[in-house]
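I have placed the structure first, in the form of structure tokens, so that the comments after it can refer back to it.
The values are calculated or read from the model by the stated rules, or taken from the named source; none is laboratory data. Note that the coordinates shown come from a computational prediction; the quantities given were computed from them, not determined experimentally. Ideal geometry is used to build each Cβ from the backbone, glycine not excepted, and the neighbour counts take in all protein chains shown.
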Amino acid sequence: MGKTFQMLPYSNQEGSLEWQTYSDLVARQLTSRGLVRVEGDVVPDLAVFIAYAIDRGRTTVSSVPMYGQTSSGGTSTTTGYVGTRPVYASTYTPLTYGVTGYAPVESTVYGRAMKIGIVDVRATLAQNKTVTVYEATATSSGESGTLNAVMPAIVEGAFKDWPSQSGATRTVSVPLSATK
């Protein structure tokens, strides 16, 4: 049987439905890797703590091309004479389309983060100091200002190739659609 763990809130998270939702996401990742979640008065092998945040966002401005008609096309007529007889010739230039300018586009980009800390409970009790066995910080940025919309992808990214090399920074892409 795998090691047992318990999700524990910080004091400011007690009773929070948001904490419950995010801790369940983390717990699912841990149980899918062979750990066993316990509740209540059971002393687990591991205690798992999470912290999460979203900033107020920053406004960015970029430009996008505008497409349209770039020439009106037209017809030109040439008149000439063959002897005394007039000859008319017409040529047609088609309309052309392309970039006619650029328009500014403003968007807000939000920074989101989750920190996961896993503590060895028995070693912590025996040594009378916190013995951390795993910690990770997962960050994300994008246009969604709703943390709960992106948290499944953040948690999934934190557990990609878990546990990975200690102290290494990794970049992982998790599309939001893959977490539904």
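List of remarks:
- Residue among Ser76, Ser63 that alone is in a strand (DSSP E or B), of a type in the set (Gly, Ala, Ser) and loosely packed, with under 10 Cβ neighbours inside 10 Å: Ser76
- Checking each residue in segment 98-129 for being in contact with a Gly (Cβ under 9 Å, 6 or more places away or on another chain), without any contact (Cβ under 8 Å) to a residue 40 or more places away in the chain and surrounded by 11 or more Cβ atoms within 10 Å (Cβ to Cβ) picks out only Thr100.
- Among the candidates Thr93, Thr100, residue that is over 30 Å from Thr146 (Cα atoms) and either among the basic types (Lys, Arg) or at pLDDT below 85 (or both): Thr93
- Every pair of residues 6+ apart whose Cβ atoms lie under 6 Å, when the first sits in segment 55-75 and is closer than 22 Å to Tyr102 by Cβ while the second is polar (S, T, N, Q): Thr59/Thr108; Thr60/Ser107; Met66/Thr100; Gly68/Thr100; Thr70/Thr96; Ser71/Thr96
- Subset of segment 9-43 (residues that are in contact (Cβ under 8 Å) with a residue 12 or more places away in the chain, under 21 Å from Glu156 (Cα atoms) and surrounded by fewer than 12 Cβ atoms within 10 Å (Cβ to Cβ)): Arg33, Gly34
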